[in-house]
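Below is one structure; the comments refer to it alone.
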Amino acid sequence: MRSPNATAALRTRARARMVERLRQHGIKDEKVLAALNLVPRHLFVEEALASRAYEDTALPLGYQQTISQPFIVARMAEILRSGRELGKTLEVGAGCGYQAAVLSHLCSDVYAVERIRGLLDRARENLRQLRLPNVRLKYTDGMLGLPEAAPFDTIIVAAASAGGVPQALKDQLAPGGRALVPVGDRQQSLILVERQGGVFKETRLDAVRFVPLLAGTE
């Protein structure tokens, strides 16, 4: 049986290998890679899956939800950061809290919302271990955004909206802000929304696969 120190060292090496694979797969933003290297992903998955935490794959969380694969987390952050800082950021779909933890190293403030109470409670417990002072969690319907904290420089959505980018999220973007939203049902794509005054420019990017973005809370 390994000692705690040996286990920690193995996980540190596994995290470094994960980051190197992301670099080899095309992630170029070193600040994004550094953020992923700082976050112990094994804390955010079920104990039985901890040995797979640093694989580049989505893993089940229960509640028919998954923790996003590291490449997608890195890719979305890299797109949103291109040529700018993320600033004040809204994350829709906090899940287990992993992406919020990564974003905490890239943003001035992270507001993460989750519609499933059990997941939010888990995210809060996971994040408490890391003592991240710039992350706030809220139990609410993510399709409505978080109007009381708007506007946001950046909005990142971790579930696919079948009906296009929700207008409430567009309205909560600050001038010059960006949102990245998976859109579609069986065929999904990342849609980059850029606000230029009262005009919203939408650009279709990578094909992706996310759980659906649903209204309401549970």
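Quick look at the numbers
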quantity: Qualifying strands (runs of 3 or more DSSP E) (wholly inside segment 113-218; at least 2 residues being on the phi > 0 side of the Ramachandran plot and at pLDDT 95 or above); calculated: 173-184
quantity: Flag if T57 is buried (at least 23 other Cβ atoms within 10 Å of the Cβ), among the polar types (S, T, N, Q), on the phi < 0 side of the Ramachandran plot and outside any helix (DSSP H, G or I); calculated: no
quantity: Per-region count, segment 54-94, residues modelled with pLDDT under 95 and closer than 30 Å to P175 by Cβ; calculated: 2
quantity: Selection count where residues are in contact with a helix residue (DSSP H, G or I) (Cβ under 6 Å, 6 or more places away or on another chain), modelled with pLDDT under 95 and either part of a loop (DSSP other than H, G, I, E, B) or loosely packed, with under 12 Cβ neighbours inside 10 Å (or both), scope segment 1-53; calculated: 1
quantity: In segment 96-152, residue farthest from V181 (Cα to Cα) [restricted to those that are among the polar types (S, T, N, Q) and in contact with an Asp or Glu (Cβ under 9 Å, 6 or more places away or on another chain)]; calculated: N134
quantity: Filtered residue count, segment 187-209, keeping only those that are buried (at least 18 other Cβ atoms within 10 Å of the Cβ) and without any contact (Cβ under 8 Å) to a residue 60 or more places away in the chain; calculated: 4
quantity: Residue in segment 62-71 that is among the small types (G, A, S) and buried (at least 18 other Cβ atoms within 10 Å of the Cβ) present; calculated: yes
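The values are calculated or read from the model by the stated rules, or taken from the named source; none is laboratory data. Predicted model, so just to flag it, every value in this text is computed and none were measured. Ideal geometry is used to build each Cβ from the backbone, glycine not excepted, and the neighbour counts take in all protein chains shown.
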